[in-house]
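In what follows, a structure is listed as structure tokens, so that the remarks can point back to it.
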Amino acid sequence: MSEELWQKYYGQPNPIYGNRVQYGMLIDINKCIGCHSCTMACKQTWTSGPGQEDMYFNSVSTAPYGKYPRHDGDPKDSTKYNYKHSNLYQDTPKGEFPNLWQFYLARPCNHCAKPACVPACPTRSIYKNKDGIVLIDQEKCEGFQYCVKACPYDKIYYNVVTKKSQKCVFCFPLLEKGQEPQCVKSCVGKIRVFGNLMDPESTISKLIRDPYLGATPYIPETGLKATHRTISSGERRQLRPDFGTIPSVWYVPPRNIPPEEVEKYFGFAMGGDLDEPNPVPADIKMKDI
């Protein structure tokens, strides 16, 4: 099924936006220790300015008490978790002793193949570039915040100082210089693999197409020297793929949690794209350009 899903998503140009490159990431949750090195490296690089105090383009939360799913089943309920304070009071396992479980969930923007934020923007300031990276044109953004409301992953932030929406950019200026994103370079456990999902020979594509391919010399596509990263074998899944946006960030789900809990966070990914994507509110209108 992994090969079939890869062919469906990445074996051809994006049918909506036409990009022939789709940068993405594979994150091995089983190896994450919640050290926040990725979060701090990202914040020092991208969100250290005025109005960005509570912005975390890359965040790490603790599940089950982090972002997904809500205890009452509502993924958009903001009363039970404040993303501004990652892991605050969260490291409390679920279950009955000795069957306790929790895991750390690292989350950059998913740079979806069918992003909900793009059609939601009335000024069309949000777009996918030729590398499949979702960006916000800061000169065109007028701060309507419809993109913030439309993103089902809550990974777009509003800067109250600049009056603009901002988000993870997959460190594309670093990519242009032959470097990997900061969250990948800074990861202590080497749990992330970054690359072009549309290249059948890229390491990330091979790891998704063959879920039992684990230990492998990882050769970054950005020109850096090869390193050895061991990725856990098993299914590769997306976070909440039932939103229908086709996330470009993939995960190796944690092994230490009940199967029904895996389905709550990562269910339906191996079943392919759903018929209906995450709906954009009907009252959101695009401006003519």
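The values are calculated or read from the model by the stated rules, or taken from the named source; none is laboratory data. Keep in mind it's a predicted model, so treat the numbers as computed, not measured. Cβ sites come from the backbone with ideal geometry, for glycine too, and all protein chains shown count toward neighbours.
Numerical summary
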quantity	calculated
Region 243-279, residues that are farther than 30 Å from residue 97 by Cβ, surrounded by 18 or more Cβ atoms within 10 Å (Cβ to Cβ) and modelled with pLDDT of 50 or more	243, 244, 245, 246, 247, 248, 249, 250, 269
Count - residues of region 54-67 that are farther than 24 Å from residue 255 by Cα, buried (at least 20 other Cβ atoms within 10 Å of the Cβ) and not hydrophobic (A, V, I, L, M, F, W, C)	1
Selected residue [small (Gly, Ala, Ser) and surrounded by fewer than 17 Cβ atoms within 10 Å (Cβ to Cβ)] from 34, 24, 51	51
Residues located in region 29-47, provided they are part of a loop (DSSP other than H, G, I, E, B) and either touching a strand residue (DSSP E or B) at 6+ places or on another chain (Cβ under 8 Å) or at pLDDT 95 or above (or both)	32, 33, 34, 36, 47
Region 112-162, subset among the aromatic types (Phe, Trp, Tyr) and closer than 17 Å to residue 51 by Cβ, residue surrounded by the most Cβ atoms within 10 Å (Cβ to Cβ)	157
